[in-house]
1. Across region 9-53, which residue is surrounded by the fewest Cβ atoms within 10 Å (Cβ to Cβ) among those that are outside any helix (DSSP H, G or I) and of a type in the set (G, A, S)?
2. For region 24-65, how many residues are farther than 19 Å from T4 by Cβ and among the acidic types (D, E)?
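Rule-based calculations on the coordinates, nothing more; no lab input. The structure displayed is predicted, hence computed values, not measured ones. Virtual Cβ from ideal backbone geometry, glycine too; neighbours counted across all protein chains shown.
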Amino acid sequence: MSATVNLSKLQNNLNQVNYPISRNELLKYAEEKGVDEVVLRALKQLPPKQYQNLTDVNKAIGGSE
């Protein structure tokens, strides 16, 4: 069962992230905030790099604009 992560779901779960942020910092934030399990799984698949904004994260996940 694969669920998609859309931009609004990311916004709801990552609304207090300070960019730029690394993948590891993003995962730490997500785990501390108890984000949606689908979002957390998607974040764990991200390439290890700096993300400049939410759109950057969304594109890396392969979400819809």
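1. Looking at residues that are outside any helix (DSSP H, G or I) and of a type in the set (G, A, S), I get G34.
2. Looking only at that region, the number is 3.
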